[in-house]
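Presented below is the structure to which this report refers.
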Amino acid sequence: MTLVSRLAATCAMALLAASSALADVELRITHPISSGAGKDAFDKIVAAFEAANPGVTVKQIVFDDDIYSDTGLITQLQSNEVPDIYFQWAGYPMQRDAQAGYAGDLTAAMADGWKDTFIDSAFAPGSGTSVDGKIYLVPVSLDVTNTLWYNKSIFAENNLTPPATWDEFLAAIKVLAAAGETPIITGNNELWPLGNWASHIAARTVPAAEYDAAFRQQKTFAEAGFLKPLELMQQLAEAGAFNKDMQGLGADPAMAGFFQEAAVMHPIGSWLVGSEGDLAAPGFAYGQFDTPVIDPSLPGSKSVIGTMTGFIQHAKAAHPAEATAFLKFLTAQDQAILWSTSGAISPVKGVADKAKLPVQMKGMADMLAGADAMVSPPDTTYPVPVAEAYYQAAAYAASGERSATDALKWLDETVGAMPKP
Amino acid sequence: MSATDRRSGTEWLQLTLGGAIVCAMFYPAVWMVLSAFKTNREIFKHPFALPADWKWSNFAEAWDKGGLGGMYLNSLIVTAAAVTLTVCLATAAAFAFSRLEFPGRRWLYRLLLVGLLLPPPVVAIPLFAILRDLGLLNTLTALILAGTAWSLSLTIFILQGYFNSIRPDMEEAAMLEGANIWQIFRDISVPMVWPSMLTLAIVNTISIWNELMFALLFTVDDDKRTLPVGLIRFFGRYSTDYAMVFAALTITTLPILALYFLLQRHVIAGLSATAID
Amino acid sequence: MAGRNTGFQPISSGATNLLFVAPAMILFGLFVLWPLGSSVYYAFTSWSGYTKPEWVGLDNFRRAIFHDPVHIASYLHVTLYILGTLVLEVSFGLVMAVVLNSDRAGFSIMRGMFFSPMVLSMTAAGVLWAFVLDYRLGLLNSVLRGLGLDDWAQPWLSQPATALIAIMFVSGWRFSGFYMVIFFAALRRIPRSIYEAATLDGATPIKQFFSITLPLLRQQMLTCVLLAVTGGFAGFDLFFTMTNGGPFDATQVPATWIIRQGFDNNQLGYATAMTVILAVVVLIVAVVYLRVTERGNHVRY
């Protein structure tokens, strides 16, 4: 049956090639940009590319975040019909793809000045876009993966202002809890929403080298000093900070809960802005502040947690020339501005100033500019099982399910059982 | 007199108790359909009320937004092909196992029973690798063949039991008259078990139509997704647009529910006749 | 039954008869047995799915059995789940088969409605129940709050203590109809005269249930228990759509943990080793069960 259909397909191809000298090219792009303003912007860019390149059609294969990173992408990479271009997170996933031979080397294509159209930090060591000086990932967005969003009217009702220190933050939570509000809503059934925030808090309280050693399984988390961030999580739990159903709730319903005023604060990434149109009632007033300073004496006390995301051209792309052309098109000024306006911070030079950023994104860009360090989320930097184990430990402490000490013990036992890299 | 009274008393109890339980269990389905006609606000404010205004437009919107049309077609193709294959191959095999002798008969039958005990996730990963090597990943063919293979054990098992419950007199008579085995199978045995084949076709339709894991792992393209995967995806994307989710649920569920109620008598009677004992 | 009792009498024999089973066996071998066999190889490797498998000997098995508490706990969860299904599916199905066993008008449609949750896809059922059980806006908590029982409103699927129980109830809602049908079919075959005689002797309906119905349904009960046990191990869809193993792995069953480790955490080799373990466990349970129940199951009426 397969043989017959293959033969039929081959015949059909031959016929097509004979009938039209310029055979149509179908560019396959897979990504998880599945909703909101981002999807609209991406669709527009694709349409513009098709208009500018007659004969090339773009086929988008879209998944939701979680399915994309769990099974969606790997299934396609393993299949015989690989995507020409695929979305990927900078850091560990890109590195793994490069080693496995999926990611195509774009260094040569970048050499003609394309590279210089990005901000300098886009390809700096540690940016997670290159391996051994070879560029594999074309960055498209700078995502702040966690910051605190708050409901301005409820803050005002309770005479609160965005806290600057951890103690002020705890005090504000207690005021809100006493007033019968749910201070913080998080939808943590996939563990990364709270895990990301807890990692940011860890990066603010654990020395960078120790932090790195723990996630690389070179030291136990206890030795590296992870009791402190877990204790902070426990403090939040004791102050009654979180929604009761955090461990069963999805990330999206939690965001919806924030926009429906079911809670006062919501720790999540910069992409929240893109969902405002879909979810918020007209006139909904919200703002954003970074995780309050925990210990001003430590370096990186004003760090921001974030990552770059972008696209990789598959090493065995069926249409490499068209794929590169698309990636150049996507990161050219006009398109980057269009993309950025949908609620993303572009790593393309000059775009942040020119794009009409929503006021919330402007604040985000300013926060990035004022940060003294950039922390990347563990699940895109280190092996996923280790990152997820820390996320779960944080959830234990934050939900009151286990004390910080017990959560830490659980974490080291769990990670200890994993094979060492 | 008293005996009749008691019987009707028991029957009243049966009717009220049974009715109450059945209604409670059926209510979520009713609630789903009613909610599909409401606005989001109404779903939360008046969860139990009838829709104030029947919003038929929800369905059109869900159909368009979710691209449900293509998925319907895929589900139809996969289900029709896999069910046909399953029932045909299983009937032939069940016929052979119960009427014919051949080398390795007992051994093959036992091997087949292994499939009855294994949960599909057990082979998800190696099956993934095999489909990749065969170049079937991301094709509807993969879902059809894998779906069929995993339905065969139970179908053969039940059909074989049914064959065994009928004496092979007719077949033996035809044999004496000089008919060959293929003719006997086609003209005597198949018509004989036809009702059971139909029942098993319906049962397999339900399970393959609803199959999730294979579809999730083995297909990725938008245009190759089946309804259960599409629904999960739809739920992820519109997780907060409740009216939309209920509309999509209703659209995808009603046809199979309707089919079932249409053939209900047949399903239950058929399952009873072939009851696994 | 009759066929088995009279012994096997083939109408024909010879190797060409293999042609009748060949198509089914080829498909079955290719997509069921071959993957099962090849999993044995991957189980001894470290394999991320991205790179080539690397031979690691027994490491995966050692880790699964001695160093993975969640894996061990998943067997506890699935055992609890199976025990729950015996009550909420098999026993409830049996009771409902008795309750709905009547020729009066309306009973046929009631049996149909009772069976109908089986027809819904697990995805649809999962999504539906997520709405019913939602903490803030769900149907169940709305009812409880409406009755003034605010304290009873719980985040059902978000706390380890209630998540597994909630899943058992949803499972009962979904599958009890199936068992009802099997029992109903058997009830139909019990001659009415037996009950009439018992009634004349003054036995109450409850007594009749225990002294007549239950013993005569022994065979069906054994079948149903076997189906519930093997079906319980195979349970994936329900857990995947409702909690995906959470909260805190409290609803992690072997199937969800295998998929999580294999695809989420890119440890396909390790996941395959757990697969082999699951297959062995299910086979042992089934064989032991069949051995134990094979004796004396010749109930006739």
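Okay, here's what the table says:
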| item | result |
| --- | --- |
| Hey, B:Q160 at pLDDT below 90 and either buried (at least 22 other Cβ atoms within 10 Å of the Cβ) or part of a helix (DSSP H, G or I) (or both) or not | yes |
| Close pairs (6 angstrom Cβ cut-off, 6 or more residues apart or separate chains): more than 7 Å from chain B (Cβ to nearest Cβ) and touching a residue at least 12 places away in the same chain (Cβ under 8 Å) in the stretch C:21-43, part of a helix (DSSP H, G or I) and among the hydrophobic types (A, V, I, L, M, F, W, C) anywhere | C:A43/C:A273; C:A43/C:V276 |
| Contacts under 7 angstrom Cβ, first residue in the stretch A:52-63 being hydroxyl-bearing (S, T, Y), partner not in a strand (DSSP E or B), 6 or more apart | A:T57/A:D24; A:T57/A:E50 |
| Helices (runs of 4 or more DSSP H) completely within the stretch C:185-282 that count 3 or more residues being within 28 Å of B:V267 (Cβ to Cβ) and facing chain B (nearest Cβ under 9 Å) | C:218-234, C:237-242 |
| Condition met for A:D334 (of a type in the set (D, E) and touching a residue at least 60 places away in the same chain (Cβ under 8 Å)) | no |
| Within the stretch C:51-61, tally of residues that are part of a helix (DSSP H, G or I) and either buried (at least 18 other Cβ atoms within 10 Å of the Cβ) or within 7 Å of chain B (Cβ to nearest Cβ) (or both) | 1 |
| Flag for B:R225 being under 30 Å from A:R28 (Cβ atoms) and of a type in the set (K, R) | yes |
| Tabulated pairs, the stretch C:206-228, first surrounded by 20 or more Cβ atoms within 10 Å (Cβ to Cβ), second of a type outside the set (A, V, I, L, M) and at pLDDT 85 or above, C-beta under 7 angstrom, 6+ apart or interchain | C:L217/C:F183; C:Q220/C:F183; C:C224/C:Y179; C:A228/C:T85; C:A228/C:E89 |
| Output for the stretch B:86-110, where each listed residue is within 8 Å of chain C (Cβ to nearest Cβ) and within 24 Å of the chain's Cα centre (by Cα) | B:L89, B:A90, B:A92, B:A93, B:F95 |
| Count of residues meeting criterion [touching a residue at least 60 places away in the same chain (Cβ under 8 Å) and farther than 21 Å from A:A407 by Cβ] in the stretch C:241-261 | 5 |
| Index of the failed condition, B:Y260 passing every other in (1) within 9 Å of chain C (Cβ to nearest Cβ); (2) free of Cβ contacts under 8 Å to residues at least 40 places away in the same chain; (3) of a type outside the set (A, V, I, L, M); (4) surrounded by fewer than 23 Cβ atoms within 10 Å (Cβ to Cβ) | (2) |
| Residues of the stretch A:245-265 that turn out to be free of Cβ contacts under 8 Å to residues at least 24 places away in the same chain and either of a type outside the set (A, V, I, L, M, F, W, C) or surrounded by fewer than 17 Cβ atoms within 10 Å (Cβ to Cβ) (or both), as a count | 2 |
| Filter result (farther than 30 Å from A:R96 by Cβ, in contact (Cβ under 8 Å) with a residue 24 or more places away in the chain and in a helix (DSSP H, G or I)) within the stretch A:120-169 | A:K152, A:S153, A:I154, A:F155, A:W166, A:E168, A:F169 |
| Any hit, the stretch B:87-106, residues being touching a helix residue (DSSP H, G or I) at 6+ places or on another chain (Cβ under 6 Å), over 26 Å from B:L152 (Cβ atoms), without any contact (Cβ under 8 Å) to a residue 24 or more places away in the chain and outside any helix (DSSP H, G or I) | no |
| Top-ranked residue in the stretch C:143-179 [being under 22 Å from C:A250 (Cβ atoms) and of a type in the set (F, W, Y); ranked as farthest from the other protein chains (Cβ to nearest Cβ)] | C:W152 |
| Unique match (being over 23 Å from the mean Cα position of the chain (by Cα), buried (at least 24 other Cβ atoms within 10 Å of the Cβ) and not small (G, A, S)) among A:F242, A:F221 | A:F221 |
| Contacts under 6 angstrom Cβ, first residue in the stretch A:395-417 being more than 12 Å from every other protein chain (Cβ to nearest Cβ) and buried (at least 18 other Cβ atoms within 10 Å of the Cβ), partner charged (D, E, K, R) and in a helix (DSSP H, G or I), 6 or more apart | A:A404/A:E231 |
| Out of C:A64, C:A105, sole residue that is of a type in the set (A, V, I, L, M, F, W, C), modelled with pLDDT under 95 and not in a helix (DSSP H, G or I) | C:A105 |
| Filter result for A:V58 (in contact with a helix residue (DSSP H, G or I) (Cβ under 6 Å, 6 or more places away or on another chain), on the phi < 0 side of the Ramachandran plot and either assigned to a helix (DSSP H, G or I) or more than 8 Å from chain B (Cβ to nearest Cβ) (or both)) | yes |
| Residue in the stretch C:128-139 that is of a type in the set (F, W, Y) and either surrounded by fewer than 20 Cβ atoms within 10 Å (Cβ to Cβ) or farther than 30 Å from A:E181 by Cα (or both) present | no |
| Some residue of the stretch C:150-157 being assigned to a helix (DSSP H, G or I) and within 26 Å of the chain's Cα centre (by Cα) | no |
| Members of the stretch C:64-79 that are more than 12 Å from the chain's Cα centre (by Cα) and of a type in the set (A, V, I, L, M) | C:A64, C:I65, C:V70, C:I72, C:A73, C:L76 |
| Filtered residue count, the stretch C:119-142, keeping only those that are under 24 Å from the mean Cα position of the chain (by Cα), of a type in the set (A, V, I, L, M) and either outside any helix (DSSP H, G or I) or within 7 Å of chain B (Cβ to nearest Cβ) (or both) | 7 |
| Close pairs from the stretch B:202-227: first within 8 Å of chain C (Cβ to nearest Cβ) and within 13 Å of B:G147 (Cα to Cα), partner charged (D, E, K, R) and not in a loop (DSSP other than H, G, I, E, B), Cβ under 9 Å, at least 6 apart | B:N210/C:D237; B:L212/C:D237; B:M213/C:D237 |
| Every residue from the stretch A:189-226 that is more than 11 Å from A:A394 (Cα to Cα) and of a type in the set (G, A, S) | A:A203, A:A208, A:A209, A:A213, A:A214, A:A222, A:A224, A:G225 |
| Verdict on C:S48 being at the interface with another protein chain (Cβ under 9 Å from one of its Cβ atoms), hydroxyl-bearing (S, T, Y) and either over 27 Å from C:L222 (Cα atoms) or not in a helix (DSSP H, G or I) (or both) | yes |
| Residue list for the stretch B:49-75, restricted to those being within 20 Å of B:W31 (Cβ to Cβ) and part of a loop (DSSP other than H, G, I, E, B) | B:A49, B:L50, B:P51, B:A52, B:D53, B:W54, B:K55, B:W56 |
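The values are calculated or read from the model by the stated rules, or taken from the named source; none is laboratory data. Predicted model, so just to flag it, every value in this text is computed and none were measured. Reconstructed Cβ throughout: ideal geometry from the backbone, glycine too, with neighbour counts over all protein chains shown.
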